[in-house]
Amino acid sequence: CVNSCCEVDLLLKVRTQPALCQYEYIIVEKRGENKNVGFIQLNRPKALNALCDGLMKEVGYALDAFEADGEVGAIVITGSDRAFAAGADIKEMQNRTFQECYGGNFLAHWNRVSTVKKPVIAAVNGFALGGGCELAMMCDIIFAGEKAQFGQPEILLGTIPGAGGTQRLTRAVGKSLAMEMVLTGDRINAQDAKQSGLVSKVFPVDQLVSEAVKCGEKIAANSKLVSAMAKEAVNAAFELTLAEGNRLEKRLFHATFATDDRKEGMTAFVEKRKASFQDK
Ligand code: HXC
């Protein structure tokens, strides 16, 4: 399925043989001591991981496979030391018409990243620009390498962010910095990204990926069922009023009492032992 494989073939291969499947634009593995962290590395180095249609489709298939994989409890998406991703593919977009974009719902499938139930960590080294920054922001946690640079430079190309940049960046860093970045195209570095709340931790370049996998292992050691509820509840904070969000949280909290894992977690605490979650 390496080169111009049809989507169905690729999907079938991914579903039946995720670890062995050869993709064209990404590297897909399971990492961590217990192989419970799904790992996706964007791998289009000549174009600084520009997110062409084929690459984003492959990311979607890999996410489908990890979502269906009972061993996987968290997912890491990363790029190279030089670039997480330098944006949507400008060469692919250059001659597109409005009719093609609107009629074909251009970029709609990118949304798959933000609908995954399992927690997703973006490990960002180098450039995360335009769609690259938006891809990172679709993830649940962003870790950055010391040399990372984040930006929404679409304005310099005569367009605007189209995969959530104006919305997620504003929620993450506040109006003034988001406006400044979107209107000037200026980038911010890893320290500023941390200070503004866009990323939660900054690591030396060569430690970033292993730290992200470690974080994924920590998450994967918890109940997958309950992690999905926690993720749903936090994400609701971006959609709902405080009263609605608190009500949803309470319902999900109550729902954890329907799981074996909640009973196991509290029993393990009382018995002074480590909990063993069964995702039930
Ligand atoms: C296609 C890209 C690309 C992109 C880099 N390349 N970014 N190709 N789409 N977004 C290609 C270059 O054409 C070049 O290939 C190779 O990658 C190396 O890039 P250079 O420019 O030679 O490298 P450098 O001088 O180090 O500059 C790095 C850079 C610059 C600052 C990241 O490449 C750059 O400004 N890229 C564009 C960033 C950007 O505007 N992103 C937003 C895209 S719009 P060749 O073969 O030509 O030498 C977007 C819209 C999102 O994301 C809307 C919804 C998703």
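For region 180-197, a residue qualifies if it is farther than 10 Å from Q149 by Cβ and among the aliphatic types (A, V, I, L, M), and the qualifying residues are M181, V182, L183. Of the residues screened, Y23 is one that is among the aromatic types (F, W, Y), crowded, with 20+ Cβ neighbours inside 10 Å and either part of a loop (DSSP other than H, G, I, E, B) or at positive phi (or both). Within region 251-276, the set of residues being more than 27 Å from the chain's Cα centre (by Cα) and in a helix (DSSP H, G or I) comprises H254, D260, K263, E264, G265, M266, T267, A268, F269, V270.
Quick one: in region 93-116, of everything that is more than 18 Å from the chain's Cα centre (by Cα) and surrounded by 14 or more Cβ atoms within 10 Å (Cβ to Cβ), which residue is farthest from the ligand (Cβ to nearest atom)? Top of the filtered list is F106. In region 116-132, the residues that are within 9 Å of A83 (Cβ to Cβ) and at pLDDT 95 or above form Cβ pairs under 9 Å with partners that are in a loop (DSSP other than H, G, I, E, B) and away from the ligand (no atom under 15 Å from the Cβ), at six or more places apart or across chains, as follows: N125/E146. Can you name every residue in region 1-56 that is under 26 Å from S227 (Cα atoms), within 16 Å of the ligand (Cβ to nearest atom) and either at pLDDT below 50 or touching a Lys or Arg at 6+ places or on another chain (Cβ under 9 Å) (or both)? Correct list: M56 only. For T241, are the conditions met, namely being without any contact (Cβ under 8 Å) to a residue 40 or more places away in the chain, touching a helix residue (DSSP H, G or I) at 6+ places or on another chain (Cβ under 8 Å) and surrounded by fewer than 19 Cβ atoms within 10 Å (Cβ to Cβ)? When the stated conditions are applied, T241 does not pass them.
Go over the candidates R171, R112, R96 one by one and state the one that is among the basic types (K, R) and more than 29 Å from L225 (Cα to Cα). Can you show your working first?
On the way: R171 fails: more than 29 Å from L225 (Cα to Cα); R112 fails: more than 29 Å from L225 (Cα to Cα).
Being among the basic types (K, R) and more than 29 Å from L225 (Cα to Cα) holds for just one of R171, R112, R96, which is R96.
With of a type outside the set (V, I, T), in contact with a Leu (Cβ under 8 Å, 6 or more places away or on another chain) and closer than 19 Å to L51 by Cα as the only criterion, which of N105, N125 stands out? Within the list N105, N125, the selection yields N125. For region 59-88, a residue qualifies if it is within 16 Å of the ligand (Cβ to nearest atom), within 15 Å of the chain's Cα centre (by Cα) and closer than 26 Å to D206 by Cβ, and the qualifying residues are V59, I77, G79, F84, A85, G87.
The values are calculated or read from the model by the stated rules, or taken from the named source; none is laboratory data. This is a predicted model, so every value here is computed, not measured. With ideal geometry, Cβ positions are generated from the backbone for all residues, glycine too; neighbour counts draw on all protein chains shown.
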